[in-house]
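Enquirer: Shown below is the structure under consideration.
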Amino acid sequence: MGANLASVRSSSEYQVVQSLTGRHGYPETWIGGTDAPQEGIWLWSDGTSFHFSAWCRGEPNNLGNQHCIQMNFEGSKCWDDLQCDEHLPSVCAKKV
């Protein structure tokens with residue numbers, strides 16, 4: 001469909017993306033960050049680099065080869081790295 005998992009470039013963008021999950025109780029949800037090509041170098045799935053992050057304390061920790069980002073993690077609704085094959089809802093974005 002020509003979309004990517006959502007990139008988050010600022011705190012205000014994160015609030016907008018997060019609001020899309022609010023109707024569903026703010027579940028843990030995929031966004032488009034990955035460090036799969038090179039450990040510790042996080043990029044968005046649209047190829048852009050990171051200039052903002054909302055990592056939870058102690059994250060990313062790469063526990064068990066975690067290369068993707070879930071948002072809305074635990075009570076603080078921050079980011080956590082997770083194995084990319086987990087089944088979670090996702091937020092996507094498409095240029096129009």
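Enquirer: Condition first: hydroxyl-bearing (Ser, Thr, Tyr) and over 15 Å from Leu82 (Cβ atoms). Now tell me which residues in region 33-52 satisfy that.
Expert: Within region 33-52, Thr48, Ser49 meet the criteria.
Enquirer: If you don't mind, there's one more thing I want to ask. Which pairs turn up if I take residues in region 41-58 that are over 22 Å from Ala3 (Cβ atoms) and touching a residue at least 12 places away in the same chain (Cβ under 8 Å) and look for partners that are surrounded by 14 or more Cβ atoms within 10 Å (Cβ to Cβ) and of a type in the set (Asp, Glu) with beta carbon separation below 8 Å, at least 6 apart in sequence or on another chain?
Expert: Qualifying pairs under 8 Å: Trp55/Asp80; Cys56/Asp80.
Enquirer: Quick check on my filter: what residues within region 23-49 are under 14 Å from Lys77 (Cα atoms) and surrounded by fewer than 10 Cβ atoms within 10 Å (Cβ to Cβ)?
Expert: Selection gives Gly25 alone.
Enquirer: Could you list all residues from region 1-26 that are in contact with a helix residue (DSSP H, G or I) (Cβ under 6 Å, 6 or more places away or on another chain) and within 19 Å of Glu86 (Cα to Cα)?
Expert: Ala6, the sole residue that qualifies.
Enquirer: Okay, moving on. Working only within region 41-96, note down all residues that are at pLDDT 90 or above, basic (Lys, Arg) and at negative phi.
Expert: Of everything in region 41-96, just one residue is at pLDDT 90 or above, basic (Lys, Arg) and at negative phi, namely Arg57.
Enquirer: So, in region 50-64, of the ones that are in a loop (DSSP other than H, G, I, E, B) and among the aromatic types (Phe, Trp, Tyr), which residue ends up surrounded by the most Cβ atoms within 10 Å (Cβ to Cβ)?
Expert: Among them, the one singled out is Phe50.
Enquirer: Could you please let me know if Gly25 is on the phi > 0 side of the Ramachandran plot, touching a residue at least 60 places away in the same chain (Cβ under 8 Å) and more than 11 Å from the chain's Cα centre (by Cα)?
Expert: no
Enquirer: Could you please give the count of residues in region 13-38 that are under 18 Å from Cys56 (Cα atoms) and in a loop (DSSP other than H, G, I, E, B)?
Expert: 4
The values are calculated or read from the model by the stated rules, or taken from the named source; none is laboratory data. Note that this is a predicted model, so its numbers are computed, not measured. Cβ sites come from the backbone with ideal geometry, for glycine too, and all protein chains shown count toward neighbours.
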